[in-house]
Amino acid sequence: MNKRYRKYWGCFLVASLVAIQTMEATPVFERGVLDLRGTQEARWNPISLEGEWEFYWDALLDPKVFKDSAAPAPAYIHVPGNWNGRMVAIDTLRATGCATYRLMVRTDSLYPRMAIYLASLGTAAKVYIDGNLLMEAGKVGTSPENSEPGYRPGVFGFTPRSKEIEIIIQISNFDYARGGFWYNHTLFGIEETVREKHADRANVAALLVGAMLFFAVYMLLLYIQSTKFNYSIYIGLVCFFIALRTLAVNETLILNFIPNLPWEWLIKFEYLSMPGGTLAFMIFMAHFLKNEFNAVIRNVYTVAGGLLILILFVTPARIYTHLLVVFQAHMFTMILYMIYVSLRALRNRREGAMVFFIAFIILAAAITLDLLFTGEYIQSNYPTAGGFVVFIIAMAQMLSARYSRLFQKSERLTHHLEILNNQLETRVEERTRKIVDQNKQLQEKNEEIEKVNDTKDMFFAILAHDLRNPVGAIHQLTEIMEEQFGLFNEKEIFRNIRQIRKSSGETFALLENLLQWALLQKGTLRAKPKRVELLPLVERTFSLLEASALQKGISLMLPEYEGRAVYADEEMITLVVRNLLHNAIKFSSDSSEVQVRISSDDENWKLSVTDFGIGIRKEDQPFLFNLKDKKHTIKGKGQQGTGLGLVLCRDFIQLNNGTMGVVSEEGMGATFYICLPKFVD
């Protein structure tokens with residue numbers, strides 16, 4: 001042989017030997033015998049007991065019968081499957097009745113512990129292993145009177161006596177539309193592996209139930225939180241019905257929580273999930289795709305579903321289980337219509353329609369498998385629950401995408417709203433600032449108007465009061481002199497003329513003060529400061545008032561001349577000094593004196609004018625320099641003043657950067673003083 005190919009032939013022979021050594025015989029299952037000899041499968045994996053079992057119809061045979069070889073000739077029936085309509089000899093089997101199933105299992109090893117897992121059997125059962133009673137569910141019997149339905153799924157361990165194991169199962173059914181060994185979930189093998197396999201199935205079922213209940217509670221809370229998501233309550237109901245069905249079939253987990261649950265209610269829970277879940281899902285679709293869902297069809301299917309639920313609760317299982325085809329038709333036709341609705345939504349380009357359509361097709365396929373499983377056309381594990389988990393995930397993705405877009409839109413709107421708010425705040429601030437400025441201007445105008453009104457009121461008060469007396473006196477004297485001139489002697493005429501001169505002088509002084517005050521209020525009067533000698537100014541002013549002083553016997557006391565000069569407006573200061581000297585003479589007691597003093601500090605000269613009249617009360621002093629509060633007047637012996645001269649003096653002194661004040665005690669005379677800045681060369 002060519003050396004080139006020897007290497008390849010050697011590899012082929014080695015591989016063939018290895019394959020021959022590792023080949024195992026496959027289990028043989030026929031005519032009531034499961035032959036596991038020569039196989040290792042039972043050692044490592046549980047074996048499904050699907051195949052031909054011996055079948056004895058209308059007989060409940062004890063293991064003793066087979067041990068004594070007294071059993072009739074067996075028929076053979078395929079397990080799993082119900083016995084309805086099966087041909088045994090010449091008889092067609094009915095749903096109600098009883099039967100015995102028998103299987104012989106042959107192994108090549110004697111295992112210390114083995115186990116069998118049995119799901120629900122329809123609808124009462126007894127299980128014997130090697131002649132020993134292993135499990136009993138309900139009460140098997142040959143008639144409705146001596147039988148009682150019941151489920152008891154679980155793993156049942158035993159110790160085999162030999163390498164050939166006998167399994168006998170007695171089943172009776174008088175309460176269900178189908179009877180027999182119907183579910184393909186029976187496992188056989190070493191106890192540890194069977195329990196592990198069953199635990200895996202139970203964990204999957206528990207996980208699906210937990211997921212469904214979680215979704216149900218979440219949807220309920222979403223509905224409670226906001227009725228805007230009113231369709232969420234129906235999704236929650238669908239999840240609840242699927243969880244209920246998963247608990248009630250296959251592993252029958254609900255019996256772990258309610259061990260004494262009546263068999264009748266267990267079947268109701270299983271069947272309720274079909275019309276209940278369909279009805280809830282249909283209402284959800286009618287809300288979610290309301291533009292595509294026909295209201296008439298919705299109402300018809302709602303009534304039909306309600307009738308099926310009513311039948312379910314008012315009739316026993318032996319009646320409503322015969323309506324399984326009706327339940328399935330109601331469910332299947334609704335699935336077809338929902339597919340049509342989904343296609344319409346896809347055609348109308350509804351948001352998320354493609355994701356919804358794909359998810360619903362997966363769910364519809366899962367529900368169809370579940371319907372086929374319920375009709376015992378196929379064997380499957382929880383297809384509806386798994387399909388609905390996919391549907392929920394797809395819905396969550398679709399809603400998440402929708403909410404993401406809404407959130408982005410909300411952010412854009414929020415940003416736009418912030419811009420508008422900022423613009424609005426800016427406008428409000430601008431308008432507020434304008435309003436504040438306008439209010440300030442209005443307040444200033446109001447104060448100005450109030451000041452003008454006060455000035456006007458004071459002006460008219462002075463005209464009405466202070467001018468009335470001297471002008472009235474002049475008018476009265478001149479009238480008397482005119483009418484009675486021939487009756488007056490020279491002395492009386494001189495006295496009247498002097499009185500007229502006094503009144504006219506007071507009137508002139510008042511008018512002069514009014515004029516200066518009016519100019520000051522108008523704002524046209526401005527100070528023109530220059531060097532002003534105080535003492536000569538006092539002497540000149542007093543000379544103008546000397547006649548009035550001599551009439552009252554008042555003398556003027558002046559300081560020595562020392563060149564005391566201030567920096568001020570001479571005319572304004574002259575008016576101030578004249579008013580102070582005039583008031584001092586006016587309010588002094590007869591035969592007294594008026595003292596003028598001049599003192600200084602570092603920056604100012606202080607000129608004080610003191611009289612020895614009645615003085616000024618303490619409560620009147622704060623109002624001397626304020627026209628607004630002229631409730632208090634200065635009164636002497638037959639003398640009264642308006643105070644306008646003092647207000648005018650204060651304003652003139654302030655215009656010349658000086659200050660003015662008074663010191664007085666009632667009955668002790670008064671001292672008015674002014675302080676003016678020194679003239680600096």
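The values are calculated or read from the model by the stated rules, or taken from the named source; none is laboratory data. These numbers come from a predicted model, not from an experiment. We place every Cβ from the backbone using ideal geometry, glycine too, and count neighbours over all the protein chains shown. Side chains are part of the model used for accessible areas, which takes the heavy atoms of the whole protein and leaves out ligands, DNA and RNA. Shrake-Rupley method; radii C 1.70, N 1.55, O 1.52, S 1.80 Å.
Miscellaneous remarks
- Point-charge dipole on Cβ atoms (K/R +1, D/E -1) for the range 250-393, about Cα centre, debye to 20: 580 debye
- For the range 671-681, putting each phi into the Karplus relation 6.51 cos²θ - 1.76 cosθ + 1.60 with θ = phi - 60° gives couplings of 10, 9, 9, 10, 10, 10, x, 5, 7, 10, 5 Hz, in residue order, rounded to whole numbers and with x for Gly and Pro.
- Subset of Lys586/Lys678; Lys67/Lys139; Lys64/Lys163; Lys64/Lys197; Lys451/Lys618 violating a 22 Å alpha-carbon distance limit: Lys586/Lys678; Lys67/Lys139; Lys64/Lys197; Lys451/Lys618
- Less than 5 angstrom separates the built amide H of Leu121 from those of Arg152, all sequence-distant by 5 or more or on a different chain.
- Here the 3J(HN,Hα) profile of the range 349-363, calculated from phi with Karplus coefficients 6.51, -1.76 and 1.60 at θ = phi - 60°, is 6, 5, 4, x, 5, 5, 4, 4, 5, 4, 5, 6, 4, 4, 5 Hz, Gly and Pro shown as x.
- Over all other residues within a Cβ to Cβ distance under 13 Å of Ile242, the charged ones net out to -1, with Lys and Arg as +1 and Asp and Glu as -1.
- Per-residue accessible area (protein heavy atoms, 1.4 Å probe) orders Phe373, Phe587, Phe508 as Phe508, Phe587, Phe373, starting from the largest.
- Using θ = phi - 60° and Karplus 6.51 cos²θ - 1.76 cosθ + 1.60, couplings along the range 45-55 (whole Hz; Gly, Pro as x): 10, x, 9, 6, 8, 8, x, 7, 10, 5, 9
- Ranking Met114, Met87, Met557 from most to least accessible surface, computed with a 1.4 Å probe over the protein chains only, gives Met87, Met557, Met114.
- Ile435 contributes about 90 Å² of solvent-accessible surface, heavy atoms of the protein only, 1.4 Å probe.
- Amide hydrogen proximity for Gly189: with H placed 1.01 Å from N in the peptide plane, the residues at 5 or more positions away or on another chain lying under 5 Å are Ile47, Ala115.
- Ranked by the mean number of other Cβ atoms within 10 Å of their residues, highest first, the peptides 164-174, 260-270 come out as 164-174, 260-270.
- Once all protein chains are placed together, Ile497 keeps about 90 Å² accessible to a 1.4 angstrom probe.
- Distant-in-sequence amide H partners of Ser589 (H built 1.01 Å from N, under 5 Å): Phe612, Gly613
- Measuring with a 1.4 angstrom probe and ignoring ligands and nucleic acids, His416 comes out at about 100 Å² accessible.
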